[in-house]
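The values are calculated or read from the model by the stated rules, or taken from the named source; none is laboratory data. Since the model is a prediction, treat every value here as computed from it, not as a measurement. Using ideal geometry, Cβ is built from the backbone for each residue, glycine included, and neighbour counts are taken over all protein chains shown.
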Amino acid sequence: MKKLKGLHHVTAITSSAEKIYAFFTNILGMRLVKKTVNQDDINTYHLFFADDKGNPGTDMTFFDFQGIAKKQVGTNEITRSAFRVPSDKALEYWVKRFDHYDIKHQGIQEEFGRKVLYFEDFDTQYYALVSDELDTGIPSGVPWRKGPIPDEFAITGLGPIYLTVENTDKLASILVDNLFMRKVSSKDNATLFEMGDGGNGARVIVTEDQRKSQSQQGFGSIHHVAFRIEDREELDRWVEHFNALRAPNSGYVDRFYFKSLYTRMHRGILFELATEGPGFIDDEESYETLGETLALPPKYRGHREYIENVVRPIDTVRSTKTFKKEYF
């Protein structure tokens with residue numbers, strides 16, 4: 001069985017689909033490549049932000065569950081998502097950008113041999129930017145060519161995913177023995193794991209913290225993280241593997257834009273394995289208009305009228321607009 005390639009996507013919860021669209025589009029300069037609904041709760045938006053073409057390993061997605069409470073930060077949770085930028089110089093650009101737009105950040109730091117910049121959004125959702133200057137692992141994506149960020153500084157894909165647990169050894173046995181990752185390095189209470197070809201797009205950083213209480217999901221928290229696998233054939237092998245381990249799992253799930261498998265082997269943490277295709281350019285939207293219409297998988301298209309009545313309209317048209325490249 002082939003090993004996991006790296007990160008596929010990260011899915012989080014927001015208090016406002018409108019605000020997260022504005023934040024990712026205007027501040028982070030990531031492209032909305034699909035505006036659809038949660039396939040398990042069609043009353044809820046599911047927004048996919050990614051690189052210029054929606055390549056696997058580049059997208060962060062959001063649910064906006066109505067009436068959900070704010071997260072309670074704690075242990076046994078997926079704590080922070082990260083995005084890749086081309087260089088250390090790009091991080092300097094982002095410090096200036098965040099200062100200009102009054103985005104809370106912690107300044108440039110070093111972490112496991114990379115320069116990083118922690119920041120957060122209006123929900124106190126935690127993020128990081130990580131420099132690819134010294135990266136030699138799995139390739140990243142490409143900038144959103146028509147977005148507001150100069151290409152030489154723009155986000156190109158997902159960086160490491162951060163987890164906080166009360167016992168690193170317990171999670172390590174899952175990551176290494178069950179998911180075939182490898183332990184790379186440890187410093188203080190943080191441990192770095194990698195998968196596939198490694199590098200920023202294939203890293204998991206685990207922090208041990210026994211002082212905190214159990215986290216509670218809400219807006220501002222991460223719902224799950226997905227790792228990349230090649231295709232349906234590979235996914236079926238992972239189903240067999242999880243079943244042999246007697247690990248709880250969903251079995252095969254068709255998400256139309258990719259095929260999925262979910263497992264919760266550790267308290268509070270949901271992992272997904274997702275195939276690299278078929279992707280977001282489909283029969284409903286061309287490359288030029290990605291994310292501009294309410295897109296629905298075929299099984300829901302017969303319910304379009306109902307769905308359009310229960311999810312409020314959000315204007316996400318960008319093909320008729322011009323974003324000026326912003327330098328600071």
Please find, within region 72-96, the residue that is nearest to residue 130 (Cα to Cα) out of those that are surrounded by fewer than 17 Cβ atoms within 10 Å (Cβ to Cβ) and among the acidic types (Asp, Glu). 88
May I ask you to say which residue of 267, 246 is charged (D, E, K, R) and on the phi > 0 side of the Ramachandran plot? 246
If you go through region 225-235 one residue at a time, how many are under 12 Å from residue 261 (Cα atoms) and touching a Lys or Arg at 6+ places or on another chain (Cβ under 9 Å)? 7
From 271, 323, grab the single residue that is closer than 30 Å to residue 171 by Cβ and of a type outside the set (Asp, Glu). 271
So, of the residues in region 55-66 that are within 19 Å of residue 147 (Cα to Cα) and surrounded by fewer than 24 Cβ atoms within 10 Å (Cβ to Cβ), which turns out to be nearest to the chain's Cα centre (by Cα)? 61
Residue, surrounded by the most Cβ atoms within 10 Å (Cβ to Cβ), within region 159-185, restricted to residues that are in contact with a Leu (Cβ under 7 Å, 6 or more places away or on another chain) and over 23 Å from residue 249 (Cβ atoms): 184
Checking the conditions here, which among 305, 272, 292, 288 is within 30 Å of residue 207 (Cα to Cα), modelled with pLDDT of 90 or more and either loosely packed, with under 12 Cβ neighbours inside 10 Å or touching a Ser or Thr at 6+ places or on another chain (Cβ under 6 Å) (or both)? 272
Would you mind telling me which numbered condition in (1) closer than 30 Å to residue 113 by Cα; (2) crowded, with 23+ Cβ neighbours inside 10 Å; (3) in contact (Cβ under 8 Å) with a residue 60 or more places away in the chain residue 49 fails? (3)
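Yes/no matrix, rows are residues, columns are (1) farther than 23 Å from residue 267 by Cβ; (2) under 19 Å from the mean Cα position of the chain (by Cα):
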| position | (1), (2) |
| --- | --- |
| 198 | yes, yes |
| 202 | yes, yes |
| 210 | no, no |
| 224 | no, yes |
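Take region 16-46 and flag every residue that is at negative phi, in a loop (DSSP other than H, G, I, E, B) and surrounded by 21 or more Cβ atoms within 10 Å (Cβ to Cβ).
Residues of region 16-46 that are at negative phi, as a first pass: 16-28, 30-46.
This time we only want the ones that are in a loop (DSSP other than H, G, I, E, B), so: 16, 28, 30, 39-40.
If the condition is that a residue be at negative phi, in a loop (DSSP other than H, G, I, E, B) and surrounded by 21 or more Cβ atoms within 10 Å (Cβ to Cβ), then 28, 30 are the ones that fit.
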Of the residues in region 69-88, those that are part of a loop (DSSP other than H, G, I, E, B) and in contact with a Ser or Thr (Cβ under 8 Å, 6 or more places away or on another chain) number 6
For region 105-156, how many residues are charged (D, E, K, R) and surrounded by fewer than 20 Cβ atoms within 10 Å (Cβ to Cβ)? 8
Would you pick out the residues in region 313-325 that are closer than 22 Å to residue 62 by Cβ, of a type outside the set (S, T, N, Q) and touching a residue at least 60 places away in the same chain (Cβ under 8 Å)? 314, 318, 323
Listed residues 12, 69; which is buried (at least 22 other Cβ atoms within 10 Å of the Cβ) and in contact (Cβ under 8 Å) with a residue 60 or more places away in the chain? 12
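Can you confirm whether region 61-73 contains a residue that is in contact with an Asp or Glu (Cβ under 6 Å, 6 or more places away or on another chain) and modelled with pLDDT of 95 or more?
Our first condition is that a residue be in contact with an Asp or Glu (Cβ under 6 Å, 6 or more places away or on another chain); within region 61-73, this holds for none.
So far as region 61-73 goes, no, none of its residues is in contact with an Asp or Glu (Cβ under 6 Å, 6 or more places away or on another chain) and modelled with pLDDT of 95 or more.
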Counting only residues that are under 27 Å from residue 53 (Cβ atoms), free of Cβ contacts under 8 Å to residues at least 60 places away in the same chain and charged (D, E, K, R), which one in region 237-269 is surrounded by the most Cβ atoms within 10 Å (Cβ to Cβ)? 259
